[in-house]
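The values are calculated or read from the model by the stated rules, or taken from the named source; none is laboratory data. Small disclaimer: the values here were computed from a predicted structure and weren't measured. Because the Cβ atoms are built from the backbone with ideal geometry, glycine has one as well, and the counts that use them run over all protein chains shown.
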Amino acid sequence: MFYSFINHRTNRIFVNLSTKTTMAGIYFHIPFCKTRCTYCDFYTQTDFSLQQDVVNAMLREIEIRKTYLSEEVETIYFGGGTPSTLSAADIKNLLNAVSSFFSVNEDAEITLEANPDDLSAGYLKELIKTGVNRLSIGIQSFDDLQLKAINRRHTARAALDSINVAHQTGIENMSIDLIFGLPGQSLESWKMQVDMAVKLRVQHISAYGLTYEQGTPLWHRMKSGKIIPTDDDTMIEMYNYLVETCSKSDFEHYEISNFAKPGHRSRHNSAYWKQRPYLGIGPAAHSYDGNSRQWNVSSNKKYCSFISENQPFFEKEILSLPDKYNDFVMVSMRTIEGIDLESLKNNFGEKLHDFCLQSAEKYIQDSKIVRKFNFLRLTPEGIHISDKIIADMMYV
């Protein structure tokens, strides 16, 4: 199904198109959480004993990687984990380091992912002083029972309060995350979540179907029969209601799981989908320069020691032309624009261009893909089987 393909809370989106660009992004992976959600398979720790050591190592990594990006930095994104567990002083120090070693656009989008119960008025006032100008709040649900089922540490009341206090302290660019298909969540319950979300004066909504990642506590509960996943038909109904309601509320559906008020698309994530280079800082963070991808060691202890000892702290993969084509197809097909066939031919050659069209033809005939103005786009019906469509369009 479409809702299991790419997760949002990481920069592990493999986007690889070798084109000359003028803008780049920086991603900070903050690998700490006060509690661990039962569905999460990202690298993060609940032991905070190394937090300051990790921040110091990040400051050093910024200097070490100062030549990685030649482009101006347009977006900076603090993801995790839970970035709002950092102090405003640590965030300011990291941003100052970026400004010292990279050229940062004066209008850069600087996003911080946050848990609702971290967002006190005092913290937000200090956060604004650091330069952070966009919040991504991990609401997930406005229902206390659903939050408890996935071990979220905030309450529904705290979720609403965090949005209100952000408005009061002057945050003008806010995104919230929601998950559908949660344990015990009915279609009617999901409709109430969506109805509430569109009335909250936020500029962006990201909504994802629950996935059962192998090895997570939620996956083990599902395998043991303690949880029955929401059936596909209900998941489709939930998604359709989300799309319809957001559209009626003037949200642009610009990517399968993302909806934005006019002028408020996530510039950072959009840069991933446009194959722009980015540098990942911190344990488990990924980087991409157009010809290779790199990923840092997924261990706080090893990350800190490798950097302090001037030892290699990341692995690297050189991308082949088919690698780049596959990633271009994967991310492009998730966006409202779709695949630019002219760009595909120019960057990957006629053979892969023709392969793409041949692979898409049966879905065009079935009205799952539409070809218009030399672009291939998923139709609303195609979105529901986007995993299969994209997999079939991959070059093996």
Within the stretch 130-162, residues without any contact (Cβ under 8 Å) to a residue 24 or more places away in the chain and under 14 Å from residue 39 (Cα atoms) come out as 147, 148
Taking the condition touching a Gly at 6+ places or on another chain (Cβ under 6 Å), more than 20 Å from residue 24 (Cα to Cα) and without any contact (Cβ under 8 Å) to a residue 24 or more places away in the chain, does residue 368 pass?
yes
Within the stretch 253-263, is even one residue of a type in the set (Ser, Thr, Tyr), touching a Phe, Trp or Tyr at 6+ places or on another chain (Cβ under 8 Å) and not assigned by TED's automatic domain parsing to the domain that holds residue 79?
no
So residue 245, is it in contact (Cβ under 8 Å) with a residue 24 or more places away in the chain and over 24 Å from residue 196 (Cβ atoms)
no
Show me the strands (runs of 3 or more DSSP E) found entirely inside the stretch 304-396 where at least 2 residues are small (Gly, Ala, Ser).
none
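Rundown of residues vs (1) over 30 Å from residue 44 (Cβ atoms); (2) acidic (Asp, Glu), yes/no style:
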position	(1), (2)
308	no, no
318	no, no
328	no, no
341	yes, no
347	yes, no
350	yes, yes
379	yes, no
Could you run through the stretch 314-334 and say how many residues are in contact with a helix residue (DSSP H, G or I) (Cβ under 7 Å, 6 or more places away or on another chain) and surrounded by fewer than 21 Cβ atoms within 10 Å (Cβ to Cβ)?
1
The correct count of residues that are closer than 25 Å to residue 44 by Cβ and either modelled with pLDDT under 95 or not in a strand (DSSP E or B) (or both) in the stretch 289-303 is 7
